[in-house]
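No value in this document is a laboratory result; all are computed from the given coordinates. A quick note: this is a predicted structure, and the numbers were derived from the prediction, not measured. Cβ coordinates were reconstructed from backbone atoms using ideal geometry, including for glycine residues, and neighbour counts include every protein chain displayed.
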Amino acid sequence: MTQANSLIQKYNVAGPRYTSYPTVPYWEEQDFNLALWKQSLKRAFDESNASEGISLYIHLPFCESLCTFCGCHKKVTKKHEMEQPYIQAVLKEWDLYCQLLVDQPIIKEIHLGGGTPTFFSVEHLTQLIQGILAKAKIADEYEFSFEGHPNNTTREHLQALYDLGFRRVSYGVQDYNEKVQKAIHRIQPFAHVQQVTDWAREIGYTSISHDLVFGLPFQDLADVLHTIDQTNSLKPDRLAFYSYAHVPWIKGNGQRGFKDQDVPKDALKRQLYEEGKKKLLAQGYHEIGMDHFALTHDKMYQAFQQENLHRNFMGYTSSKTQVMIGLGLSSISDSWYSFAQNEKTLEDYYARLEQNEIPVYRGHVLTAEDLVIRQHILNLMCTFTTSWQDQTLAFPELPQVLQQLQEMQKDGLLSIESDRIQITEQGKPFVRNICMAFDLRLSRKMPNNRIFSMTI
């Protein structure tokens with residue numbers, strides 16, 4: 001067995017993806033309420049709106065069909081009459097937030113996620129964005145982005161959103177093999193992806209992203225390399241190349257179109273990543289944080305180089321803001337000091353708004369310890385290094401954490417210095433495992449059942 005394979009077997013455990021700390025299963029919901037969320041948001045907004053603005057994540061949950069690899073909150077429907085009530089609800093939620101915040105919000109970032117944002121008509125998307133911007137200013141260095149489905153993104157969608165200030169679009173590609181596409185219930189020919197990529201370029205989008213997934217059912221090395229070759233022929237500015245999170249124990253996510261044994265595991269799965277990554281690097285892409293790649297002209301690469309890359313519930317972003325407000329069904333907001341999640345069903349989401357209430361149903365207020373650990377995990381995820389040279393980032397359990405990392409140091413995954421740790425090139429695929437050593441809430445209370453996907 002090669003060393004790389006033995007390391008994979010050794011470190012391939014269930015672990016979080018660290019889009020937040022504490023991770024959602026460890027939120028102390030009993031100590032949270034809407035009043036505390038409002039208080040924390042106002043504090044963070046007052047501290048940061050004038051200097052860096054805020055980010056908005058808007059969840060557009062409708063999909064015409066269910067992709068079985070998806071772990072997002074969505075509502076599968078072909079009823080487009082659901083669009084208008086939903087847009088009205090999101091605008092009402094935004095209005096409630098604007099009433100709460102004394103100053104006019106300065107918007108630095110808007111991201112439309114889903115679901116399928118392009119399920120919505122051009123008219124309704126225009127109505128949504130105009131309604132949002134009517135109550136806000138736009139930051140000088142702003143970034144508006146959306147997720148487009150290659151099968152239903154029209155040139156009109158792209159043009160209308162471009163006219164509203166959007167310059168970045170992300171397309172979910174996953175894999176070009178038809179057998180894999182059938183298993184995940186996402187049939188989309190290369191010609192569709194090429195068409196929407198070309199349209200975006202012609203219109204003037206400056207950052208086009210493709211999402212690729214490795215470890216999908218029936219996928220083999222030839223599939224991954226073929227998908228990357230096809231991707232390279234279109235040269236998106238950035239791409240995500242991430243591991244399929246197989247979570248068959250979660251009800252309602254549709255991951256049933258295949259058997260567990262159809263999913264690549266261990267050494268094969270890692271080979272898909274390593275060989276795929278090698279090909280991407282040879283094509284001029286640079287590895288950014290975990291699972292992301294970008295060309296040198298892209299803002300994400302530049303943010304990584306300048307060490308101001310940020311990570312939140314939207315994933316990696318080059319537009320760091322302290323405040324992120326999540327609008328829409330199941331969206332999560334982040335004030336840095338606390339997290340808040342919206343209701344997960346349409347009925348409950350609408351019911352709260354009818355009561356003129358921000359539709360938050362759970363959250364977590366970060367403790368002083370949480371804030372320190374959060375910073376370390378963020379540093380590791382975004383820069384592959386963290387330091388406690390600044391005494392405010394030291395914490396009592398640090399010696400135990402470093403003790404835990406000794407083994408990884410022996411395996412060549414990181415180096416421990418007097419006041420910092422540095423992840424090596426070999427250690428980058430194991431960044432989730434390294435973060436887990438810092439995750440005090442996880443180490444104090446290991447889950448009894450499966451709640452996270454595998455790390456490798």
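Of note:
- From phi via Karplus (6.51, -1.76, 1.60), per-residue ³J(HN,Hα) for region 275-281 in Hz, x at Gly/Pro: 5, x, 4, 4, 5, 5, 4
- Distances between placed amide hydrogens fall under 5 Å for residue 366 paired with 338, 339, all partners being 5 or more residues away or on another chain.
- Environment charge at residue 240 (Cβ cut-off 14 Å; Lys +1, Arg +1, Asp -1, Glu -1): -2
- For residue 361, distant residues with modelled amide H under 5 Å away: 341, 342, 343
- Table column - 3J(HN,Hα) (Hz), region 409-424, Karplus curve with 6.51, -1.76, 1.60, x for Gly and Pro: 5, 4, 7, x, 8, 7, 10, 9, 10, 4, 10, 7, 10, 10, 7, 7
- For residue 106, net neighbour charge (Lys/Arg +1, Asp/Glu -1) across residues whose Cβ lies under 10 Å away: -1
- Rounded to whole numbers, the Karplus 3J(HN,Hα) couplings from phi for region 364-377 are 8, 9, 6, 7, 4, 5, 3, 5, 5, 5, 4, 5, 4, 5 Hz, using 6.51 cos²θ - 1.76 cosθ + 1.60 with θ = phi - 60°, and x at Gly and Pro.
- Note on residue 179: lysines with a C-alpha under 20 Å away, same-chain residues under 8 apart excluded, are 259, 265, 269.
- Dipole of region 23-365 computed with +1 at Lys/Arg Cβ and -1 at Asp/Glu Cβ about the Cα centre; of 276, 316, 302, farthest Cα towards the positive end is 276.
- Estimated from the Cβ-Cβ distance and a Förster radius of 30 angstrom, the FRET efficiency linking residue 394 and residue 357 is about 0.15.
- For region 72-148: relative contact order, % (alpha-carbon pairs under 8 angstrom, 6 or more apart): 44 percent
- Look at 280, 41 and count the other Cβ atoms within 10 Å of each Cβ; fewest to most, that gives 280, 41.
- A dipole drawn for the chain from +1 and -1 charges on Cβ atoms has a positive end, and of 34, 185, 144 the residue lying farthest that way is 185.
- Ranking of 96, 414, 239 by neighbouring Cβ atoms within 10 Å, starting from the fewest: 96, 414, 239.
- Distance histogram in 10 Å bins (all Cα pairs of region 368-444, percent per bin): 19, 60, 20, 0
- Positive contributions from Lys and Arg (+1) and negative ones from Asp and Glu (-1), summed over other residues with Cβ under 13 Å from the Cβ of residue 170, come out at -2.
- Cut-off under 5 Å, modelled amide H: who pairs with residue 110 long-range: 56, 143, 144, 145
- Residue 419 versus residue 308: modelled label distance in nm, points set 7 Å from Cα along the beta carbon direction: 2.4 nm
- Straight Cα distances below 20 angstrom link residue 235 to the lysines 277, 278, 279, 299, with same-chain residues fewer than 8 positions distant left out.
- Across region 122-191, the mean sequence separation of Cα contacts (distance under 8 Å, 6 or more residues apart), normalised by length, yields a relative contact order of 34 percent.
- Going from the residue with the fewest nearby Cβ atoms within 10 Å to the one with the most, 82, 314 rank 82, 314.
- Value in Å of the Kirkwood radius, where region 304-456 supplies the Cα pairs that are averaged: 17.5 Å
- Calculated mean residue ellipticity, 222 nm, the chain: -12000 deg cm²/dmol, from DSSP H runs (n ≥ 4) at -39500 (n - 2.57) each, averaged per residue and rounded to 500.
- Sparsely packed loop sites in region 101-175 (the trypsin sites (Lys or Arg not before Pro) outside DSSP H, G, I, E and B with at most 11 other Cβ atoms within 10 Å) do not occur.
- DSSP beta bridges confined to the chain are antiparallel in about 40 percent of cases.
- Principal axes of the chain: Cα extent on each, largest first, Å: 57, 51, 41
- Straight-line cross-link partners of residue 410 among the aspartates and glutamates, defined as a Cα under 19 Å from its Cα and at least 8 positions apart when in the same chain: 419, 425.
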